[in-house]
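Written below as structure tokens is the structure these notes are about.
The values are calculated or read from the model by the stated rules, or taken from the named source; none is laboratory data. Treat the numbers as computed from the prediction; the structure is a model and nothing was measured. Cβ placement follows ideal geometry from the backbone for every residue including glycine, while neighbour counts extend to all protein chains displayed. Accessible surface areas use protein heavy atoms only, side chains included; no ligands, DNA or RNA. Shrake-Rupley method; radii C 1.70, N 1.55, O 1.52, S 1.80 Å.
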Amino acid sequence: MDSLNFAANTPRVLNQCLALLDQPARPTATFSVPLTPKKYENHPDIQFFSSIKKKHHFEYHKLKKNSTRDAWLDKSTVPMIHSGKSTSFDPYSRADLLHRISTFNALNWSIPPSSDLNESGTVLPSTLNELFCALNGWACEPISRNNNFSNHLKCSVCEVQLILRFNSVDEASYGKFLFDMEDIVRLNDNLKVSYLSEIRHGAHSQSCPWKSLSCSLQGIYYMTPYVSATNATLVTEYLLCLKNLIDNLPALENMGAFCQTLVPSGTSELDEHFVRVSKMWFLDRFYTDTKENFAAVLDFVCPPWIYKVAALGWKLSLQSHQEDTVLLMTCDCCNQRLFVEQHMAEGVVHSHKPWCMHMSYMGQMSFYEYFYRLIALLEKSIGPHGEYLVDQELSFDMDPLTNNRKRRESFDINDGLDRLTKLRKMYFVS
Ligand SMILES: [Zn+2]
Ligand SMILES: [Zn+2]
């Protein structure tokens, strides 16, 4: 046969395949695993390996089956944890805490103002806010067909529900009566104090772990300054904001004036440095392979104020509402939502909620100033894929421009040891 001559030098397996293909089609063709040829069956090596194979046959298939099942289980559990719907109890998870905070919005959460007079003891009624509830394991139920109550809390573990109700401070509803507004505020303050203790312990079911342990305010929500874990988290949160803004650049084009009201006014000598290092972080994290190409585009399209807006924790969110697109600036830390059009028209400057991490202090510095300096300092901590390299030496002078000079002036432990050794030698020699 011509084809067989043609394939004279091909390996034996291929020849066998060719022979099979050349055979007339057989409807009952069977394929079986090649058996050991008869003449080798009594060979001691073959006998040894077949005995091992027989012995482990069952174990091998059991293992294979389990590993496939485990892989499948892993796949099915991962999205459940990250979707934030899991009922897991993790008071040390910042992501879970921020997810619970994100369930509180202007529609489903409204707390009347406090008098801010602390008459009732150690707890201030003004501590009743979204953060306090989220720290104690509560999320706020969205307003829906099944729920038309605002301030409707639900525990993320024991699923107990708690609705906070207050006396209306709307003057019109008390017009006919002789209620003093101050009395109503005081009544509401008393209610708040009792709700605070319910939220902390009382309302959770007996077996709920949130009853005995809540998220720590310091360390989980307000980050500890000058710690590597904090830096890594803050850099990641910043880069996600930056990615969101850069992805939405066309929508931000006309918002320059508005966005600049969000960032501290004035320029700093560090501005250029901050933008340059931010760009390095951003490109390494999201465009590892194409960073050279994208860097030029970024320089061209991205104005420097974008980086500052991202450093303040703002993202842009586009929501469609009756055929219109509504632009919102949102913060993941406090779930503040600024309606861009409304604020541009009214000219009112709004910011984060008063308790937001971005309004807090890191040591002696405002959060923004701390983070602004930190990014500029972290130039050497950028890994090849934009990850944070923890073990890089980092000086916390927090002043990148004068950093080197200050380090030389500061006490260096190695210099000190050298001098001590020299002095000791002099003593012993004499
Ligand atoms: Zn609970
Ligand atoms: Zn905020």
Next on the checklist: Normalised by the empirical 2.2 N^0.38 Å for globular proteins, what value does the Cα Rg of the stretch 94-221 take?
Outcome noted: 1.11
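What FRET efficiency would be calculated for the residue pair residue 294, residue 13, taking the C-beta separation as r and a Förster radius of 35 Å, to the nearest 0.05? Mind dumping the intermediate values first?
On the way: r = 48 Å, r/R0 = 1.37.
Step by step, r from the Cβ atoms, then E = 0.15.
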Checklist entry - For residue 181 and residue 271, what is the calculated FRET efficiency with R₀ set at 51 Å and r taken between the beta-carbons, to the nearest 0.05? => result 0.60
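Report the equivalent ellipsoid semi-axes for the stretch 183-318 in whole Å, largest first, defined as the square roots of five times the eigenvalues of the gyration tensor built from alpha carbon atoms.
Numbers: eigenvalues 328, 84, 43 Å².
They are 41, 20, 15 Å, listed from largest to smallest.
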Item to check | Two-site label geometry, residue 22 and residue 346: point separation in nm, points 7 Å out along Cα→Cβ | outcome: 8.8
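Report the FRET efficiency, 1/(1 + (r/R0)^6), for residue 337 and residue 232, where r is their Cβ-Cβ distance and R0 is 30 Å, rounded to 0.05. Each step should come with its number before you reach the end.
Working: r = 27 Å, r/R0 = 0.91.
About 0.65, to the nearest 0.05.
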Checklist outcome for this item: Over the stretch 272-338, with neighbouring protein chains present, the accessible area per residue in Å² at probe 1.4 Å is 49
Item to check | Per residue convex hull volume, Cα atoms of the stretch 228-409, in Å³ | outcome: 135
Next on the checklist: Rolling a 1.4 angstrom probe over the protein chains, ignoring ligands and nucleic acids, what is the accessible area of residue 201 in square angstrom, nearest 10?
Outcome noted: 90
Item to check | Rough spin-label spacing in nm, given labels placed 7 Å along Cα→Cβ, for residue 301 and residue 366 | outcome: 3.1
Checklist entry - In units of 2.2 N^0.38 Å, what is the alpha-carbon radius of gyration of the stretch 203-250? => result 1.77
Item to check | Approximate spin-label separation residue 95-residue 42, in nm, with each point projected 7 Å along Cα-to-Cβ | outcome: 6.5
